[in-house]
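Notes follow once the structure below has been shown.
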Amino acid sequence: MEDRYDKLTCPDGSNDDLSLAAYQEEQQVSLSMVRSDAYVNHQKRLAVLLSILAGLLLSVSIGLGMYYRTLTDGERIIKDIQAEIAKFQQAYKAAINSKLEFSKILVDDARIQQQTKWDLDHQGSINAAYQNELDKILSLNAGLKSHILLLEDGCRHCLPRWNFIKDKCYYIPFSDDMQLRRWEESREYCKNFGADLTEINSREEQLAINDLITTNHNQQQTTHGYWIGARDEEEGMWRWLDGRPVVESFWNIGEPNDVGDEDCAGIFPKPNKSPYKDWNDVPCSSHLKWICEKEPNLAQ
């Protein structure tokens, strides 16, 4: 029995004997070789796995780096945007302040312009008043000149109660006691003294007569008009008594209007009224005062 277990018979019928120890050693070597191959394979798998893990870690690291860089760039962009916003806010505040300053300047300019307009209006009123006073002074001056001439030469060249003005003698019935007359009746009155109704051919003559009448109006408070020697025998054609057309005239606004056959001219001067707007056309049958004119007596 023991011999049976001490020997092994090869399948091919050889007679080589292997001891149990040799077999066991072979089995150990085989087992060791198997174990060694398994270890190597395990190491290879582990190396591959580590390589994969390293690749993944590298990818993750790269991704994290890129993400961090992206975050860093984003933060920088945000900071840049915030800086630009701060600049815009400062610019906006500066623009608002400039607008407020400009609005204040505009308000001040508007107030100054309004004050200037008021000053100009006030100065215009003063100038108008000065011009009115100047007109009065000019008219008064013309009257004074005529009065001076009257004092110097009137008594020598004109009849009593006649006025010497611009080298002519004029008679004006200032008293309200004088009977008013029609145009033809007034002319006849003048002819009784070798005179005729007056012809006014210049501004100087108009101013002098206006001043003489308005001065006496202030004293007598009369409102009557005065006939002058102009009439409208041909409709729309005003002529003096010698047939000459009326060239320089001093009609009131809207005159002559020929309302009701107004074919004769009268002068209606009033204080504080333009001396160049005295004439009206009046019906010849109206009753007014009159102004006579004649050449002075130069023989004396």
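The values are calculated or read from the model by the stated rules, or taken from the named source; none is laboratory data. Just so it is clear, the structure is predicted and the values come from calculations on it, not from any experiment. Glycine gets a Cβ as well: all are built from the backbone with ideal geometry, and neighbour counts include every protein chain shown.
Observations on the model:
- Of the criteria (1) over 18 Å from I200 (Cβ atoms); (2) assigned to a strand (DSSP E or B), which one K289 fails: (1)
- Checking each residue of the stretch 105-127 against the condition of being closer than 30 Å to E199 by Cα, out of contact with any Ser or Thr (no Cβ under 9 Å at 6 or more places or on another chain), modelled with pLDDT of 85 or more and of a type in the set (A, V, I, L, M, F, W, C) gives no match.
- Some residue of the stretch 262-279 being part of a loop (DSSP other than H, G, I, E, B), over 21 Å from K136 (Cβ atoms) and in contact with a Ser or Thr (Cβ under 8 Å, 6 or more places away or on another chain): no
- Odd one out for G236, checked against (1) in contact with a helix residue (DSSP H, G or I) (Cβ under 7 Å, 6 or more places away or on another chain); (2) at pLDDT below 95: (1)
- Tallying residues that are crowded, with 17+ Cβ neighbours inside 10 Å and out of contact with any Phe, Trp or Tyr (no Cβ under 8 Å at 6 or more places or on another chain) within the stretch 250-268 yields 2.
- Residue within the stretch 211-221 that is modelled with pLDDT of 90 or more, among the hydrophobic types (A, V, I, L, M, F, W, C) and surrounded by 11 or more Cβ atoms within 10 Å (Cβ to Cβ) present: no
- Qualifying residue in the stretch 290-297 (condition: aromatic (F, W, Y) and either over 43 Å from the mean Cα position of the chain (by Cα) or at pLDDT below 90 (or both)): yes
- Residue satisfying all of: in the stretch 179-203; touching a residue at least 40 places away in the same chain (Cβ under 8 Å) and under 16 Å from L159 (Cβ atoms); surrounded by the fewest Cβ atoms within 10 Å (Cβ to Cβ) among these: G194
- Residue in the stretch 281-292 that is under 30 Å from I137 (Cβ atoms), assigned by TED's automatic domain parsing to the domain that holds N192 and surrounded by fewer than 16 Cβ atoms within 10 Å (Cβ to Cβ) present: no
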